[in-house]
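*Asks:* Before anything else, here's the structure in question.
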Amino acid sequence: MNKKNSMTAKNKKDIALCAFVFLLPVLILLTTYLLYPIIATFVNSFFQWNGISAEKKFIGFANWNKLLHDKDFWAAFFNNIKVMVLSLLVQMPIGILLATFLDAGGRKFNFFKVIWFLPMLMSAVAVGYLFRYALATNGGLISSLSELLGGKNVDLLGNQKTALFAVIGVICWQFIPFYMVYYLAGYSSIPEDVYEAAIIDGATRSQYVTRIALPLLVPTIRSAIILSLIGSLKYFDLVYIMTGGGPGTSTELMATYMYKNSFVTFNMGYGSTIAAGMFILITIFAAVVMRLLRGKG
Amino acid sequence: MKQEINYENEQRKRTVAWAVAMALAIIWFLITFIPFLFMVLTGFKQKLETILYGAFHLPETLYAQNYVDVITDKNFWVYFRNSVVVLVISLVILLFISACAAYPLSRFRFKLRDPIYLLIVAAMSVPIHVTMIPVFQMTIGMGLYDTIWALVPTSVAFATPISVFILVGFMDGIPKELEEAADIDGCGRYARFFRVILPLSAPGLSTLAIYNGVNIWNEFIFAFTLTQSNENRTLPLALWNYQGQYAVNTPMIMACLSLSVLPMIILFIIMQEKLIKGMMAGAVKG
């Protein structure tokens, strides 16, 4: 009896040791590249520091106080919110419509599916450059269209009032295919029998979609919304390349603002504060959204 | 009689509905496709053509010089080689260590299992920007700044949490009996991982390879902050440098863009469903 006990104890130790060996590389990597940097960012947020000299000056909450009263940061935050709300309102309905169309058509519409998916194949950098030129005042697509119709050149990206909307349009252009495929996967997870039973009971295709399929898709829609909401708070590449945050602060986002402070003007102390602030805001936001949307079961 | 009219009405309604759906589908097709067409065709234009004649004017001649210039540019191939090196090395390391970590999390019971798993899941939602300044400092400290080796650990580290998460789910689905059989045959825990679990995880690993491969290939922000000189930069930064060099030469930049998108499009043509599935792998995050 005693022997057996010590055997299992030894076995347990063996298991723990083996697990530790297997987990070690990942744990080392995550500690150095994720855990330590997060802590370091919070520590740096209390210093005045240009990032190059070894000299750091402790300034307490001065950076945080500056952040709370920094009009540009809050402008960037509200731009993030605008991006979030508008991309949700545009991406979700169009994504569902396209998926419904593809689901109804089956293999016949493979051509549409392939072409509609194309924007997803481009990196955010490439999309940013493409539209920087496609929306250019001289020789851009919209300008040329407007000229063709007898109008004048249109400067979407150079105008403070339209720049953010143009950027949001491009974000939607790139991400709608993602949600389309996501919903399509949701549709195809509905068993064939459900459709057949509905048709036998005399439902039309549109009745099947609105009364049976969409209610069954609610969990998919919910997680797509979470993905879109949280993703919107982190945008960087595309916007940085298309507009660099300008004109003025009209397309500045939290991430571009953080980048500029840290790596363009080398104010790394304050840059850390912005990054830490972003981290806090995103974490709170993610927790609230998950609770609200998941809570409904 | 009445029945028949109803039927005809229904039929007409359905035709109209399809016509509307088709029209919308074609509009969306145009919205998606025209920017691509603009990109490829503009690449065939001469320097000032777009500005002089607008975007809808077809190229005067099929001026392929831009494409030739990009392909014969030595720098382009340096960027390309760097991207391939970073991609291959990061991917091999990433898949191996993620599988290693997923194995005990899926199969063993030990005290710290739940806290470690939770930590990894939580790490998935960390915005990478919060790590940038310390990672920048660390990279300089390690003497890796402005080398392509700076990009390997970042590519691996930020892709690890989601990869481990997906692989744990995948390994949970591998029947325990297979491992028990190997156990009886005298396979130890380490051998079971290499001989049973790792080979059986191949489908999960290949999906992850596509998902992470696309992300690493397109990675911009760390490549942008951790490297500086042309010979150590990756393909996404080729665009950045070309833009600095040829800012007013729209056709040249569009040619470079088209060529940078080409590998993905070829991959997409070869393995459509698999690529879509792979690119959607990260969607489980929600």
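The values are calculated or read from the model by the stated rules, or taken from the named source; none is laboratory data. Owing to the predicted nature of the structure, the values given are computational and were not obtained by experimental measurement. Neighbour counts are summed over all protein chains in view; Cβ atoms, including those assigned to glycine, are modelled from backbone coordinates with ideal geometry. What goes into the accessible areas is simple: the full protein's heavy atoms, side chains included, and nothing from ligands, DNA or RNA. Shrake-Rupley method; radii C 1.70, N 1.55, O 1.52, S 1.80 Å.
*Asks:* With (1) within 19 Å of the chain's Cα centre (by Cα); (2) closer than 30 Å to residue A:142 by Cβ as the list, and residue A:230 as the residue in question, which single condition is left unmet?
*Replies:* If we test residue A:230 against (1) within 19 Å of the chain's Cα centre (by Cα); (2) closer than 30 Å to residue A:142 by Cβ, just (2) comes out false.
*Asks:* Residues B:113, B:107: which one is open to solvent by less than 70 Å² (accessible area, probe 1.4 Å), of a type in the set (D, E, K, R), within 10 Å of chain A (Cβ to nearest Cβ) and without any contact (Cβ under 8 Å) to a residue 60 or more places away in the chain?
*Replies:* Going through B:113, B:107 in turn, just one is open to solvent by less than 70 Å² (accessible area, probe 1.4 Å), of a type in the set (D, E, K, R), within 10 Å of chain A (Cβ to nearest Cβ) and without any contact (Cβ under 8 Å) to a residue 60 or more places away in the chain: B:113.
*Asks:* Among the residues of the range B:239-277 satisfying the criterion of being more than 18 Å from residue A:124 (Cβ to Cβ) and among the small types (Gly, Ala, Ser), which is least open to solvent (accessible area, probe 1.4 Å)?
*Replies:* B:255
*Asks:* Those residues that are facing another protein chain (nearest Cβ under 8 Å), open to solvent by less than 30 Å² (accessible area, probe 1.4 Å) and within 11 Å of residue A:237 (Cβ to Cβ), I need them from the range B:217-238; list them, please.
*Replies:* B:220, B:221, B:236
*Asks:* Which number in (1) more than 9 Å from chain A (Cβ to nearest Cβ); (2) open to solvent by 10 Å² or more (accessible area, probe 1.4 Å); (3) not β-branched (Val, Ile, Thr) marks the one condition that residue B:208 misses?
*Replies:* Status for residue B:208: all satisfied but (2).
*Asks:* Among the numbered criteria (1) out of contact with any Asp or Glu (no Cβ under 9 Å at 6 or more places or on another chain); (2) farther than 30 Å from residue A:220 by Cα; (3) open to solvent by less than 60 Å² (accessible area, probe 1.4 Å), which one does residue A:119 miss?
*Replies:* All conditions pass for residue A:119, except number (2).
*Asks:* Of all residues in the range B:78-104, count the ones that are closer than 20 Å to residue B:223 by Cα and either within 10 Å of another protein chain (Cβ to nearest Cβ) or under 20 Å from the mean Cα position of the chain (by Cα) (or both).
*Replies:* Residues meeting the conditions: 16.
*Asks:* Mind checking which residues of the range B:124-140 are assigned to a helix (DSSP H, G or I) and open to solvent by 30 Å² or more (accessible area, probe 1.4 Å)? Please lay out each step first, then the result.
*Replies:* Taking the range B:124-140 as the starting set, the residues that turn out to be assigned to a helix (DSSP H, G or I) are B:128-140.
Across the range B:124-140, the qualifying residues are B:128, B:137, B:138, B:140.
*Asks:* For the range A:16-52, how many residues meet the condition of being touching a helix residue (DSSP H, G or I) at 6+ places or on another chain (Cβ under 7 Å) and more than 30 Å from residue A:66 (Cβ to Cβ)?
*Replies:* 8
*Asks:* So residue A:214 passes all but one of these: (1) open to solvent by less than 40 Å² (accessible area, probe 1.4 Å); (2) among the aliphatic types (A, V, I, L, M); (3) under 30 Å from the mean Cα position of the chain (by Cα). Which condition number does it fail?
*Replies:* Of (1) open to solvent by less than 40 Å² (accessible area, probe 1.4 Å); (2) among the aliphatic types (A, V, I, L, M); (3) under 30 Å from the mean Cα position of the chain (by Cα), only one is false for residue A:214: (1).
*Asks:* Take the conditions of a type in the set (A, V, I, L, M), in a helix (DSSP H, G or I), touching a Leu at 6+ places or on another chain (Cβ under 8 Å) and closer than 30 Å to residue B:161 by Cβ and apply them to residue A:17. Does it pass?
*Replies:* no
*Asks:* Continuing with the same structure: Tell me which of these residue A:285 doesn't satisfy, since it passes every other one: (1) assigned to a helix (DSSP H, G or I); (2) within 10 Å of another protein chain (Cβ to nearest Cβ); (3) surrounded by fewer than 22 Cβ atoms within 10 Å (Cβ to Cβ).
*Replies:* (2)
*Asks:* Taking the range A:85-106, which residues are facing chain B (nearest Cβ under 9 Å) and without any contact (Cβ under 8 Å) to a residue 60 or more places away in the chain?
*Replies:* Of everything in the range A:85-106, those that are facing chain B (nearest Cβ under 9 Å) and without any contact (Cβ under 8 Å) to a residue 60 or more places away in the chain turn out to be A:97, A:101, A:105.
*Asks:* Hey, does the range B:269-285 have a residue that's outside any helix (DSSP H, G or I), within 16 Å of residue B:91 (Cα to Cα) and in contact with a Ser or Thr (Cβ under 7 Å, 6 or more places away or on another chain)? Lay out the reasoning, then the answer.
*Replies:* The first filter runs over the range B:269-285 and keeps only residues outside any helix (DSSP H, G or I), leaving B:271, B:280.
So of that shortlist, the ones also within 16 Å of residue B:91 (Cα to Cα) come out as none.
No: the range B:269-285 contains no residue that is outside any helix (DSSP H, G or I), within 16 Å of residue B:91 (Cα to Cα) and in contact with a Ser or Thr (Cβ under 7 Å, 6 or more places away or on another chain).
*Asks:* Go through A:246, A:231, A:269 for me and flag whichever is more than 8 Å from chain B (Cβ to nearest Cβ) and touching a strand residue (DSSP E or B) at 6+ places or on another chain (Cβ under 8 Å).
*Replies:* A:269
*Asks:* Look at residue B:24 and say whether it is over 30 Å from residue B:167 (Cα atoms) and either more than 8 Å from chain A (Cβ to nearest Cβ) or among the acidic types (Asp, Glu) (or both).
*Replies:* No.
*Asks:* Another question about this same structure. Mind checking which helices (runs of 4 or more DSSP H) fall wholly inside the range A:120-231 and carry at least 2 residues that are out of contact with any Cys (no Cβ under 9 Å at 6 or more places or on another chain) and closer than 30 Å to residue B:37 by Cβ? Talk me through it step by step, then tell me what you get.
*Replies:* Details: elements: A:124-134, A:141-148, A:163-188, A:192-200.
Result: A:124-134, A:141-148, A:163-188.
*Asks:* Right, something else. Condition check: part of a loop (DSSP other than H, G, I, E, B), closer than 29 Å to residue A:126 by Cβ, modelled with pLDDT of 90 or more and open to solvent by less than 30 Å² (accessible area, probe 1.4 Å). Does residue A:250 satisfy that?
*Replies:* Against the criterion (part of a loop (DSSP other than H, G, I, E, B), closer than 29 Å to residue A:126 by Cβ, modelled with pLDDT of 90 or more and open to solvent by less than 30 Å² (accessible area, probe 1.4 Å)), residue A:250 qualifies.
*Asks:* Here are A:22, A:73, A:109, A:42: which of them is crowded, with 19+ Cβ neighbours inside 10 Å, assigned to a helix (DSSP H, G or I) and within 13 Å of chain B (Cβ to nearest Cβ)? If you could, list the steps in order and put the result at the bottom.
*Replies:* Numbers: A:73 fails: within 13 Å of chain B (Cβ to nearest Cβ); A:109 fails: crowded, with 19+ Cβ neighbours inside 10 Å; A:42 fails: crowded, with 19+ Cβ neighbours inside 10 Å.
After applying the criteria, what remains is A:22.
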